[in-house]
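Novice: After the structure tokens below, expect a handful of questions from me.
No lab work stands behind these numbers, since they all come straight from the coordinates. It should be emphasised that the depicted structure is a prediction, and the values quoted were computed from it without experimental measurement. FYI the Cβ positions are ideal-geometry reconstructions off the backbone, even for glycines, and counts take in every protein chain you see.
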There are 2 protein chains.
Amino acid sequence: MKVETEIAELIHRLERCRQKIDAALDEWMPKEDEIPSVLHKAMRYSLFAGGKRLRPFLVLECCRVVGGDEDKALPAACAVEVLHTYTLVHDDLPSMDNDDFRRGKPTCHKVFGEGIAVLCGDALQTFAFELLATKLPERGVPAEVALKCVAVLAKAAGSRWLVGGQALDITEQAQGYSDRSPEKVLLIHERKTAALMQACCVIGGLIGNATEEQLVALNDFGYWLGLAFQITDDILDEIGDPEKLGKSVGKDKQQKKLTYPMVFGLEKSRQMAAEAVERAIEALLIFGNEANTLKALVRFILERQL
Amino acid sequence: MKVETEIAELIHRLERCRQKIDAALDEWMPKEDEIPSVLHKAMRYSLFAGGKRLRPFLVLECCRVVGGDEDKALPAACAVEVLHTYTLVHDDLPSMDNDDFRRGKPTCHKVFGEGIAVLCGDALQTFAFELLATKLPERGVPAEVALKCVAVLAKAAGSRWLVGGQALDITEQAQGYSDRSPEKVLLIHERKTAALMQACCVIGGLIGNATEEQLVALNDFGYWLGLAFQITDDILDEIGDPEKLGKSVGKDKQQKKLTYPMVFGLEKSRQMAAEAVERAIEALLIFGNEANTLKALVRFILERQL
């Protein structure tokens, strides 16, 4: 397949995934008029704020790539997006990154107040686990597998990984990012971005009944994809076109955040992103042509379309 | 058994439960020196702040009362306490109840800062689900049962119940508690207190392999126990002896909070608490003498020892 066709196929699949996820979330989420209405409005406002649904896509594609039925994985795909959304709502809080806008819209606490934003994030996290525990069995996923999904998501989202990364970041921020070592930036990025992407890939694999070897490959893939994604994100904040990206740039630099370009320089960061992409694609080798969409996704990320 | 003996037996069991829970939590929680250290310190600071471990006790006793092995339920008993602790950490935040002290110690955000306190609560919630998903199977609890425990806890802790109650409370607070109707105070208390206690009882029952009839009874028991607990708590804030209680009183009144005494008056509130206790004890009838400790617990709560 030519690269152009692959990209077209990828965009088609991404769009189909987005529609599926949004329809399922709309069905499964409490409605806006359910008590307490303000909380459910805040949850829906945050969830339907125009996300690309990249993490759900990873769950569905990794399920498919091992020969699984991606419809069975739909509740898990929704769960990872709900969990990701909770982390965004809390990251934006005044006591954290203090962001007033996300994807061009006022952040949750700007619209609903800080207290409701904290509770909105809390309830979204709970809802992610509720989806795994209630909706996966309804789709015929065995309890053992659903329980493993809960364990994988909880571990990735927990104090050692996702939340741990944010804790490291705000601790470093409070110290004016005085430690600008390569180890530190990796420590944070592995946790803040790669851990959840790895969990998405492994969860998709588990539901698709992957072998141990396949799960290891998916875990590696998720790791390198996550790093490639984060390094590219850092580079774009440095050199990206705000109009093309749909978000403001230069904020990391302004806040002296610990990013790849600032620790390694732009050229070296580009090399590192390209290397992460290579490693991600290598991890997919055992899946042959079945992994073409995932491969296209990785390249697409590097070429900064996502 | 005489009432004095029952109370002595109850106190003995409560103390044994506290020791078991604290030892297990100490073993299972990430250590203080694990990265990120500040987050793990905050989590342990909040968890080991002298809680009575009432909710874990409910899990263990409800497992035992249906003939189950309470050691199997230990991870779930820890999980409900971890989840309860997360809600306390977030409730105390400046954007919520803005409390500087809890049980005589500075609250999490006073010691570690607001950002870390948000993340600490987040990570504690995640850890509660991780415990259920990883430690219950290790103790021989079938995956189907462990997954049901995840579902029950997630539902009770979610936007319709526990977090929903807090959302209603801060919304009413923002409006100066202008709606002081009986319906409103019940709506909040059912959610903020009763829902998690019900979940504790049902989870204990599930792990103890309870019948459907027993689960219904445990669910009812948890509901009335939760209401009795909350009404008594409200009364104590109005008339309690701060020294005996180990906490300040009169805060609800000062903040014009929606409490039973303020909506129904003191005398009627006492009647309602006594009625809730009666209903809780009625729900235990099907368990015969096996439920003596739980019965003693309910009376103990009404007589404001807990």
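Novice: Pop a pseudo-label 7 angstrom from the Cα along the beta-carbon direction at both B:Asp33 and B:Lys268 and give the gap in nm to one decimal.
Specialist: 6.0 nm
Novice: Okay, next question. Calculate the translational D of the stretch B:94-139 in whole µm² s⁻¹ from Stokes-Einstein, where the hydrodynamic radius comes from the Kirkwood formula applied to all Cα pairs, the temperature is 37 °C and the viscosity 0.692 mPa s.
Specialist: Taking Rh from Cα pairs, D becomes 269 µm²/s.
Novice: Kindly flag which residue pairs out of A:Lys52/A:Lys256; B:Lys105/B:Lys155; A:Lys72/A:Lys105; B:Lys20/B:Lys155; A:Lys148/A:Lys253 have an alpha-carbon separation exceeding 29 Å in this structure.
Specialist: B:Lys105/B:Lys155; A:Lys72/A:Lys105; A:Lys148/A:Lys253, as the Cα separations exceed 29 Å there.
Novice: Sort A:166-178, B:195-207, B:10-22 for me by packing, meaning the mean count of neighbouring Cβ atoms within 10 Å per residue, highest on top. Walk me through the numbers before you get to the answer.
Specialist: Numbers: A:166-178: 18.1, B:195-207: 27.7, B:10-22: 16.5.
In decreasing order of mean packing, A:166-178, B:195-207, B:10-22 become B:195-207, A:166-178, B:10-22.
Novice: Could you compute Rg(Cα) / (2.2 N^0.38 Å) for the stretch A:208-282, with N its residue count?
Specialist: Normalised Cα radius of gyration, the stretch A:208-282: 1.33.
Novice: Enumerate the helices in chain B for which the Kyte-Doolittle hydropathy averages -1.0 or more and the C-alpha atoms extend at least 27 Å along the helix's axis, using complete DSSP H runs.
Specialist: Span-like helices here: B:3-28, B:114-138, B:212-239.
Novice: I've got another one for you. Across peptide B:145-157, what mean number of C-beta atoms from other chains lies inside 10 Å of a residue's C-beta? If you can, show how the numbers build up before the last one.
Specialist: Numbers: counts 2, 7, 14, 4, 2, 10, 10, 3, 4, 11, 6, 2, 7.
For this peptide, the per-residue mean of nearby foreign Cβ atoms is 6.
Novice: Something else now. What nm distances, shortest first, do you get from the label point of B:Lys253 to those in the other copies when the point sits 7 angstrom along Cα to Cβ?
Specialist: Copy-to-copy label distances for B:Lys253: 6.0 nm.
Novice: Determine the dipole magnitude for chain A: charges of +1 sit on the beta-carbon of Lys and Arg, -1 on that of Asp and Glu, nothing else is charged, the reference point is the Cα centre, and the result goes in debye to the nearest 20.
Specialist: Roughly 260 debye, rounded to the nearest 20.
Novice: Using modelled amide H (1.01 Å from N, peptide plane; none on Pro or chain starts), what sits under 5 Å from the amide H of A:Arg102, excluding residues fewer than 5 places away?
Specialist: Residues meeting the amide H criterion: A:Thr107.
Novice: For B:Gln271, which inter-copy label distances result when the label point lies 7 Å beyond Cα on the Cα-to-Cβ vector, reported in nm to one decimal and in ascending order?
Specialist: Those label-point separations list as 8.2 nm.
Novice: Between B:Asp241 and A:Asp100, how high is the FRET efficiency from 1/(1 + (r/R0)^6) when r is the Cβ-Cβ distance and R₀ = 51 Å? Nearest 0.05.
Specialist: 0.60
Novice: While we're on this one: Using the Cα gyration tensor of the protein assembly as shown, with a ≥ b ≥ c the square roots of its eigenvalues, what is the shape: rounded (a/c below 1.5), prolate (a/b larger than b/c) or oblate (neither)? Before the final figure, lay out each step's value.
Specialist: Values: a/c = 2.06, a/b = 1.65, b/c = 1.25.
Prolate shape, in that a/c is at least 1.5 and a/b is the bigger ratio.
Novice: Compute the label-point distances linking A:Ser181 to its equivalents in the other copies; points lie 7 Å from Cα along Cα→Cβ; give nm, one decimal, shortest first.
Specialist: In nanometres, ordered from closest: 6.1.
Novice: Taking amide H positions as placed in the peptide plane 1.01 Å from N, state which residues far from B:Ala49 in sequence (5 or more) or on other chains have amide H under 5 Å from it.
Specialist: Under 5 Å from the amide H of B:Ala49: no residue qualifies.
Novice: Once a ≥ b ≥ c are taken as the square roots of the eigenvalues of the Cα gyration tensor of the stretch A:115-209, is the result rounded (a/c under 1.5), prolate (a/b larger than b/c) or oblate (a/b not larger than b/c)?
Specialist: oblate
Novice: In cubic angstrom, how much convex hull volume per residue do the alpha carbon atoms of the stretch A:163-306 span?
Specialist: That works out to 112 Å³ per residue.
Novice: Quick check on chain B: helices-only [θ] at 222 nm, where DSSP H runs of length 4 and up contribute -39,500 (n - 2.57) each and the sum goes over total residues. Nearest 500, please.
Specialist: Using -39500 (n - 2.57) per qualifying helix, the result is -22500 deg cm²/dmol.
Novice: Here's another thing I want to ask about it. Once you order the gyration tensor axes a ≥ b ≥ c over the Cα atoms, which shape class does the stretch B:3-302 get: rounded for a/c under 1.5, otherwise prolate or oblate by comparing a/b with b/c? Please report the intermediate quantities before stating the final value.
Specialist: Numbers: a/c = 1.56, a/b = 1.06, b/c = 1.47.
It is oblate, given that a/c is not under 1.5 and a/b is not larger than b/c.
Novice: Further question on the same structure: If R0 is 30 Å, what FRET efficiency do you get for B:Glu183 and B:Glu303 from their C-beta distance, rounded to 0.05?
Specialist: 0.60
Novice: Å³ per residue of the Cα convex hull, for the stretch A:59-103?
Specialist: Per-residue hull volume (Cα only) is 73 Å³.
Novice: Moving on. Taking N as the number of residues in the stretch A:1-160, what is its Cα Rg relative to 2.2 N^0.38 Å?
Specialist: 1.08
Novice: Moving on to the next point. Which order do the peptides A:214-224, A:143-153, A:125-135 come out in when sorted by mean C-beta neighbours inside 10 angstrom, highest first?
Specialist: Descending packing order for the listed peptides: A:125-135, A:143-153, A:214-224.
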